[in-house]
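S.K.: Here's a structure for you.
The numbers here are math on the coordinates, done by the rules we state, and not lab data. Values in this document were obtained by computation on a predicted structure and should not be read as measured data. Positions of Cβ are backbone-derived with ideal geometry, glycine not excepted, and every protein chain shown enters the neighbour counts.
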Amino acid sequence: MVFVGHAFAVVFISETLPAAINHGAWLLTPSPWVGVWVFFVLSGYLMGKGFYLGRYSFTKKGAGAYFINRALKIVPLYWTAVLVCYALINPEIFQISNLWMLWNILFFNYDGTLPINPDGALWTVSTEVHFYLMVPFLFGIFSTIDRKRAFIFIGAALVASLAYRGIARMIWGPDAWVTLIFTPTLSNMDLFLTGFFLNPIIQSYKTTKTTIKNGIAIGFGILAIFYVIQSYVFAQGVVLHHFPVAVALKGLGPTITAIFIALVIAMFELGDRRGEYKLGRKTQIFGLLTYAIYVWHAPILTAIKDAVGPIHDIWSASAFTFVAFSITLIVGAVSYYLIEVPFERFKTTNRLEGKVKLAESSPL
């Protein structure tokens, strides 16, 4: 969603895109915003799951192992991408007068709006890191909550953030979108907390051996419906500039995303595993490359656009999107095996029963 949305609706915008959208091409313009919101819900669930399942214990050693593992996953590739992009695209950031910007980006205090900005998509990594820092403390506070309270906390987070977005827009107008609504950690907390509080809910159902017949298939169905809805809304509201639709997407989009993705996670986790899809095993490499693809995709898309110039039709946009994705996939794979995998070997965990080597990796 993030890659394709950025390609067709941001970078390779063709002269024929509006007409093509009216003939069904809106399926090619999924919302990158929504893709980011999906990331936040997933990361909230997966990071919380590490504690709720006992991979990490709520002790100094457990929290320490968690922070070290997050740093080993995030920092090496992130710093590599930042330094490479700036060296090739904006070397002036290494001047003494501009080092404050480099410092903010390297240490995750970045919202994508700095004067020198070769990879604006990296703001999400900063926001993710802020979320990661909260997880052990959230678990320490809420480790014993029951299913009912977890539902209440999710509802409260969704309502509070919905109210915040509405109030921010009423007070500061459209200018509030990027700096006060879209990128700040606080305004995305409902997404992360929805994922986090899913853990006690799902574990409660698993304890009673509750399963959902055809749950995995239902989950894929929900995803398909969600993809169609958000693609159409983004195309109408943002690409075709229908103002009321864009306002609705910005205001209600995060809340709706949180609900849809929470349902998908629940279906996948509680679905009857008999006849589980074997395709997942065969395609999991794409999941492992998710982080690398995200980190590199924006500068690669921009570099290709700078090289080819104006895009005249959607067929050209499709061709350049395919080329960009192929290059990004190759660069992402190289980065994964040369940077991420070596650092993965240093990961450890602190389970309730003791310290063991972490035997699995997460795309987040």
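S.K.: Name the most mobile residue of Phe107, Phe131, Phe192, meaning the one with the largest mean-square fluctuation, in a Gaussian network model of the chain with Cα contacts below 10 Å.
M.R.: Ranking Phe107, Phe131, Phe192 by mean-square fluctuation puts Phe107 first.
S.K.: Rounded to the nearest 500, what is the chain's calculated 222 nm mean residue ellipticity when only DSSP H runs of at least 4 contribute -39500 (n - 2.57) each, over all residues?
M.R.: Result for the chain, helices only: -22000 deg cm²/dmol.
S.K.: Continuing with the same structure: Can you tell me the equivalent ellipsoid semi-axes for the chain? Use √(5λ) from the Cα gyration tensor, largest first, whole Å.
M.R.: Values: eigenvalues 203, 133, 95 Å².
Semi-axes from the Cα gyration tensor: 32, 26, 22 Å.
S.K.: How would you rank Lys282, Lys206, Lys49, going from fewest to most other Cβ atoms within 10 Å of each one's own Cβ?
M.R.: Fewest-to-most Cβ neighbours within 10 Å comes out as Lys282, Lys206, Lys49.
S.K.: How many angstrom separate the Cα center of the stretch 21-76 from the Cα center of the stretch 125-178?
M.R.: Each part's Cα centre sits 15 Å from the other's.
S.K.: Hey, another quick one. Using θ = phi - 60° and the Karplus curve 6.51 cos²θ - 1.76 cosθ + 1.60, what whole-Hz ³J(HN,Hα) does each residue of the stretch 160-167 get, with Gly and Pro shown as x?
M.R.: Each residue's phi maps through the Karplus curve to give 4, 5, 4, 5, 4, 5, x, 5 Hz.
S.K.: So which residue, out of Val129, Val334, Val34, gets the largest mean-square fluctuation from a GNM of the chain using Cα contacts under 10 Å as springs?
M.R.: Val334
S.K.: For Tyr337, Tyr132, Tyr205, which order do you get if you count the other beta carbons within 10 Å of each Cβ and list the fewest first?
M.R.: The most exposed by this proxy come first: Tyr337, Tyr205, Tyr132.
S.K.: Using the Karplus curve 6.51 cos²θ - 1.76 cosθ + 1.60 with θ = phi - 60°, what ³J(HN,Hα) values do you get for each residue of the stretch 217-222, in whole Hz, with x for Gly and Pro?
M.R.: Computed from phi, the couplings for the stretch 217-222 are 4, 4, x, 5, x, 4 Hz.
S.K.: I would also like to ask the following. Test of understanding: ordering Leu198, Leu180 by Cβ neighbours within 10 Å, fewest first, what list do you get?
M.R.: Least crowded to most crowded, the residues run Leu180, Leu198.
S.K.: Something else about it: Rounded if a/c is under 1.5, else prolate if a/b beats b/c, else oblate: with a ≥ b ≥ c from the C-alpha gyration tensor eigenvalues square-rooted, which is the stretch 1-98?
M.R.: oblate
S.K.: Amide H of Ile212 versus every other amide H placed in the peptide plane: which residues, excluding those fewer than 5 positions away on the same chain, fall under 5 Å?
M.R.: Amide H neighbours of Ile212: Gly271, Asp272.
S.K.: Identify which of Thr179, Thr208, Thr328 has the largest mean-square fluctuation in a Gaussian network model of the chain, with springs joining Cα atoms closer than 10 Å.
M.R.: Thr208
S.K.: Let me ask something additional. Take the Cα pairs of the stretch 86-234, get the Kirkwood Rh, then feed it into Stokes-Einstein at 37 °C and 0.692 mPa s and tell me D in µm²/s.
M.R.: Taking Rh from Cα pairs, D becomes 176 µm²/s.
S.K.: Placing +1 at every Lys and Arg Cβ and -1 at every Asp and Glu Cβ, with all other atoms neutral, what dipole size does the stretch 2-357 have around its Cα centre, in debye to the nearest 20?
M.R.: Values: 26 positive and 16 negative charges, 365 e Å.
My answer is approximately 1760 debye.
S.K.: Give the peptides 93-103, 313-323 in descending order of average Cβ contacts within 10 Å, highest first.
M.R.: The most tightly packed comes first, giving 313-323, 93-103.
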